[in-house]
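Report on the following structure.
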Amino acid sequence: MRLDIRYLTRFLYAQPVSESQNELRACPANDHRQAVVHYHVTTEPASRVAAYHDYWGTRVDTFGVRQLHDRLEVVATATVETQEPVRPVAAVPRQRLGDSRFHDTHLEFLQPSAHVRWSHPVGATARRIADGVGDDVVALAQAVHDHVAADFAYQQGVTQVGVSVDEVHASGGGVCQDFAHLTIALLRELAVPARYVSGYLFTVDDATGADSHRDEVEVETHAWVEAAVPGWGWFAVDPTNAQHVGERHVTIGRGRDYGDVAPLRGVFVGDRRHELEVSVSMRRLALAPLGDQAAGRGAQQQ
């Protein structure tokens, strides 16, 4: 599937500010499931944009505005081609999670992190799920996904960034970020390395992930989970929508939790009062051959 994406963030400040320094994570990843055809960032006021890849492999665009300004607008446009991922089919014994090399390689995705800390009730739920699953890592990851998808309700406005996993577990509801953090906590409790994935989902309804008969939709930033399977790779699931990750999902970044992949963060000098507008549009395109696939795939402009 080929998708055009337009990400817009606009800050409107109560008083002119200065020395705005920012980091943007909006570029789709190049990996086994998707390829970036085009990517471009513009800012108003205009600024020089530089890029690097962070510790987790996510592209970060950095820019600063030194002149006085009463608004800041950031637009990132991208074209990306996606495909359905290959999914594990053979059983992987859970004892392989204890392999020292596998454990050490994935240590950062096994430990509690800033937004993924949990206590006894979450651990007890994880163990109950595991008791009903055979000796297979993939089946265990799927069972955790199924539990969160079935037992927790999509509810906007009941949580906010920074809410704890224990609170989400107790409340039984939240948004995609909460579903992802809870799923990660349950998997890590069971010694399955798990990481947070941010991106977009081409859908008309964030609560269900339903496809659209239209070719253009307005969406919000989405989140899902990848679980590490020994000897195979990362198994991606979307507990918010009770589905596997597919060609309508566009990955932007990966990390331990939301804190590693926040779309835009920065600082400025001036009155802190401001208004924020964020919009994301996705357009589905006909998948036609490019003139030069080798040159087109992976091209990133700034």
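Full extension from ALA139 to PHE102: what is 0.36 nm times the residue separation minus their Cα-Cα distance, to one decimal in nm?
Values: separation 37, 0.36 × 37 = 13.32 nm, distance 1.86 nm.
Extra length from ALA139 to PHE102 when fully extended: 11.5 nm.
Could you please state, rounded to a whole Å, how far the C-alpha centre of region 106-147 is from the C-alpha centre of region 1-62?
Going from one Cα centre to the other spans 33 Å.
Have a look at the DSSP beta bridges in region 94-260 and tell me what percent are antiparallel, nearest 5. Display every interim value, and only then the final one.
Details: 21 of 23 bridges.
Bridges in region 94-260 are about 90 percent antiparallel.
Quickly rank 151-157, 218-224, 139-145 as a protection proxy: mean count of other C-beta atoms within 10 Å, highest first.
On the way: 151-157: 13.6, 218-224: 19.7, 139-145: 22.7.
Sorting 151-157, 218-224, 139-145 by mean packing, highest first, produces 139-145, 218-224, 151-157.
Please arrange GLU226, GLU216, GLU73 by counting, for each residue, the other beta carbons lying within 10 Å of its beta carbon, fewest first.
Values: GLU226 23, GLU216 12, GLU73 15.
Ascending Cβ contact count within 10 Å gives the list GLU216, GLU73, GLU226.
Between ALA150 and HIS213, what is the spin-label point distance in nm, taking each point 7 Å from the Cα along the Cα→C-beta axis?
Those two pseudo-labels are separated by 3.2 nm.
Over the Cα atoms of region 94-260, what Rg and Dmax result, in angstrom?
15.2, 49
Among rounded, prolate and oblate, which fits region 175-241 when a ≥ b ≥ c are the square roots of the eigenvalues of its C-alpha gyration tensor, a/c under 1.5 means rounded, and a/b larger than b/c means prolate?
Values: a/c = 3.15, a/b = 2.07, b/c = 1.52.
Here region 175-241 falls in the prolate category.
In what sequence, highest mean first, do 266-277, 16-27, 184-195 appear when ranked by Cβ atoms within 10 angstrom?
Values: 266-277: 12.2, 16-27: 18.9, 184-195: 25.3.
Going from most to least packed, we get 184-195, 16-27, 266-277.
Translational diffusion coefficient, Stokes-Einstein: compute it for the chain using the Kirkwood radius over C-alpha pairs as Rh, at 10 °C and 1.306 mPa s, and state it as an integer in µm² s⁻¹.
Working: Rh = 20.3 Å.
This corresponds to a translational diffusion coefficient of 78 µm²/s.
No value in this document is a laboratory result; all are computed from the given coordinates. Quantities reported herein were computed from a predicted structural model and do not represent experimental measurements. So basically every Cβ, Gly included, is an ideal-geometry build from the backbone, and we count neighbours across all protein chains shown.
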